[in-house]
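Student: Structure below; questions to follow.
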Amino acid sequence: MDDKTYFYLIEKFKRVFFYYRSSNDRTLGDYLSMMNENLYLRALVRSYGSNAQKKIEQFEFNEENLLRVRERTTSAFKGVEAFHHFIDFYLDNLKRINFDVNQLILGPVGSNKRNIAKKKAVEIINDSIPSNEKKASNEKKIFDEYNNLLNEKIFFSSFNNTSYSDFIEDVNEDGKIVDGIFKKICRVANNNIDINAGDFLSKLKDKLKDYFNQYEEEYYSPKETKEKNPIRFKIIDNSVCYSYGSVYYSYGADYTELTEEKIYGNIEYCLEPRDSKFSYVETLKCLFDGLELNYNLKNPLDKYVLIIDDFNEGDLHKIFGDVYPLLDIKHRNGEIDAQKIVLGKSKETFFVPDNVFILAIADSSPNYKVKLDIKTRSLFKINYVSPNPNDITVKYIEEINLPLLLKNLNNKIDLILGRDYTFGQNFFYRIDSFEKLKNVFYTQFIPALESYTNQDKEKLFEILGIAFFIKTKIGDTTYNKLKSIDEWDETMFKNL
């Protein structure tokens, strides 16, 4: 096994192990620790070479050392069973349904692509495929689940009038970095700790302002930490900033902005076994009543989905900018060829986690068709959505079979113009009268077909049929002229 493959597997393993150990079995930790010590011992022997024997001889076989070895060995053997449970857990999760991380849902206008994207997003999050339940009942459950997951694990955005600033990052009027939606999702997906840092910072800022207004001081050091390593707080440019050390010493003079990322990092630090768990997080907890920092461990196998509507309305390269190459699954974090970049505005190191999924929605019709270059096609798995006449709710108006009407119309369009020019079933949504049916044809179908055929009446005649036209003679030439809507009747549609 080459080094890249080895470290790829280790990275995957570590992410799951951190969650499993923290939430299930601490004994497993002792077992893995001893395994790690054995690996370290081998490395030590290799590095010392001829001195290895001397190092081993330095081990003192006294009672204290022997009891420590026995204790660690006992824990290690207990950990074998826990380790077996963990391996089963890990392998079971590796067997979960795999989804393509980038998918483009492409199809004609009105072919219900948004609902398809919502269903697919729920399937990705829940690692499931649609059940065999009754369609209406199953769909209601899926859409209820979608609404529950929205803005937590499923996020919705659009390429319409958006830019790099909306998706990655921007600098506001105060000179502060504002994260775009995709950058926020990547941060949430990568962190194994779910924390109320944003709400916590907002409350902290208000409480500090009240405190400073009342006591006219620029720093605050609680009695609990005064003798250890006091921490001072200050509001600078409307941001909460902190500094370690006494006010009388120069090393405590520099203030650092307290961000959500710093709070997250500090919580992660405190989760690790250390002799001292003192930190500014612990300090903040005892500053004011009602100021609580809550966090929960998240399963690193959780998935996050960004649905991008109107994908054809924006330039993928410009909107994602320097992040664009990182969308490729080969360059996602944890993969063998993972890549990271330094963002131009914030100078932060950025990568795209492999548990972030993109579902793009685009119309295939010529007036909207997305420009798919070779690179985009290699990034996205394209799922073509065809119109489904069977989804039309009202099947009959008078004696007109609506599903059959749409099917036959689309068959003609497909043969004469191509499948991208067809119409979706959503055009028939809430069509429950003949007047509404005529209106859809007159205001939407026929203008679109006139545009698609460049006003070529002969092609329109081939698609709609003789019933929709009346012969008009100008001079010696006979033309097929579209009938006025007032002359339309049910027979025309039945013939079509």
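Every number in this text was worked out from the coordinates using simple rules, so none of it is lab data. Quantities reported herein were computed from a predicted structural model and do not represent experimental measurements. FYI the Cβ positions are ideal-geometry reconstructions off the backbone, even for glycines, and counts take in every protein chain you see.
Student: Within the range 330-452, how many lysine pairs that are 8 or more places apart, or on different chains, have C-alpha atoms less than 16 Å apart?
Tutor: Working: 330/340; 330/375; 330/381; 371/381; 395/407; 395/436; 395/438.
Going through the range 330-452 pair by pair, I get 7.
Student: Output ³J(HN,Hα) for the range 155-170: one whole-Hz value per residue in order, computed from phi by the Karplus curve 6.51 cos²θ - 1.76 cosθ + 1.60 with θ = phi - 60°, and x for Gly and Pro.
Tutor: Values, residue by residue: 10, 10, 9, 9, 8, 6, 6, 10, 8, 4, 4, 6, 9, 10, 6, 8 Hz.
Student: Still on this model: Long-range amide H contacts for residue 365: which residues qualify at under 5 Å (H placed 1.01 Å from N, peptide plane, sequence gap of 5 or more or a different chain)?
Tutor: Result for residue 365 returns 109.
Student: How large is the dipole of the range 321-438 about the Cα centre if only Lys and Arg carry +1 and Asp and Glu carry -1, each at its Cβ, rounded to the nearest 20 debye?
Tutor: Details: 17 positive and 15 negative charges, 48 e Å.
It works out to roughly 220 debye.
Student: Let me make sure I get this right: for the range 407-496, a, b and c are the square roots of the gyration tensor eigenvalues over alpha carbons, sorted descending. Under 1.5 in a/c it's rounded, otherwise prolate if a/b > b/c, else oblate. Which is it? Spell out each step's value before the answer.
Tutor: On the way: a/c = 2.04, a/b = 1.28, b/c = 1.59.
Judged from the Cα gyration tensor, the range 407-496 comes out oblate (a/c at least 1.5, b/c at or above a/b).
Student: Follow-up question, since we're still on this one. Kindly write out, for the range 385-398 in residue order, the coupling ³J(HN,Hα) from the Karplus curve 6.51 cos²θ - 1.76 cosθ + 1.60 (θ = phi - 60°), rounded to whole Hz, with x marking Gly and Pro.
Tutor: Karplus-based 3J(HN,Hα) across the range 385-398 equals 9, 8, x, 10, x, 5, 7, 5, 5, 8, 7, 10, 10, 6 Hz.
Student: Quickly work out the residue 473-to-residue 114 label distance, labels modelled 7 Å from Cα along the C-beta direction, and quote it in nm with one decimal.
Tutor: Between residue 114 and residue 473, the simple spin-label model gives 5.2 nm.
Student: Here's something else I'd like to know. Residue 394 to residue 349: extension gain in nm, 0.36 nm per residue of separation minus the Cα-Cα distance?
Tutor: Working: separation 45, 0.36 × 45 = 16.20 nm, distance 5.42 nm.
This chain segment gains 10.8 nm when fully extended.
Student: Now for a separate question. Taking the Cα centre as origin and putting +1 on Lys and Arg beta-carbons and -1 on Asp and Glu beta-carbons, what dipole magnitude results for the range 148-206, to the nearest 20 debye? Don't skip to the answer; put the middle values down first.
Tutor: Values: 7 positive and 10 negative charges, 40 e Å.
Using only the charged Cβ atoms, the result is roughly 200 debye.
Student: Run the numbers for residue 381 and residue 451: contour at 0.36 nm per residue of separation, minus the present Cα-Cα distance, in nm.
Tutor: Details: separation 70, 0.36 × 70 = 25.20 nm, distance 2.98 nm.
The span from residue 381 to residue 451 would gain 22.2 nm if fully extended.
Student: Something else: Whose amide H sits under 5 Å from the amide H of residue 156, counting only residues 5 or more places off or on another chain, with H placed in the peptide plane?
Tutor: The list, which skips near neighbours in sequence, is 151, 307.
Student: Output wanted: per-residue J couplings in Hz (rounded whole) for the range 329-337, from phi through Karplus 6.51 cos²θ - 1.76 cosθ + 1.60, θ = phi - 60°, x for Gly and Pro.
Tutor: Result, ordered by residue: 4, 5, 9, 6, 4, x, 7, 4, 9 Hz.
Student: Residues with amide H under 5 Å of residue 479's amide H, sequence separation 5 or more or different chain, H placed in the peptide plane at 1.01 Å from N; which?
Tutor: So residue 479 has HN proximity to 472, 473, 474.
Student: How many nm separate the modelled label positions at residue 297 and residue 140, each set 7 Å beyond the Cα in the direction of the Cβ?
Tutor: Each label point lies 7 Å from its Cα, and together they span 3.9 nm.
Student: Based on Cβ point charges of +1 for Lys and Arg and -1 for Asp and Glu, what charge dipole magnitude is obtained for the range 390-496 about its Cα centre, in debye rounded to the nearest 20? All intermediate terms of the calculation are to be shown ahead of the outcome.
Tutor: Working: 14 positive and 16 negative charges, 22 e Å.
Magnitude of the dipole: close to 100 debye.
Student: With a cut-off of at most 14 other beta carbons within 10 Å, and DSSP calling the residue loop, which GluC sites (Glu not before Pro) in the range 388-456 qualify? Please list them. Could you put the intermediate results ahead of the total?
Tutor: Numbers: sites: 398, 399, 435, 450; in loops: 398, 399.
Taking the range 388-456 and a limit of 14 other Cβ atoms within 10 Å, the loop GluC sites (Glu not before Pro) found are 398, 399.
Student: A further question on this structure: Once the piece of chain linking residue 336 and residue 100 is laid out straight, how much longer is it, given 0.36 nm per residue of separation minus the C-alpha distance between them? All intermediate terms of the calculation are to be shown ahead of the outcome.
Tutor: Numbers: separation 236, 0.36 × 236 = 84.96 nm, distance 1.71 nm.
Between residue 336 and residue 100, full extension yields 83.3 nm more.
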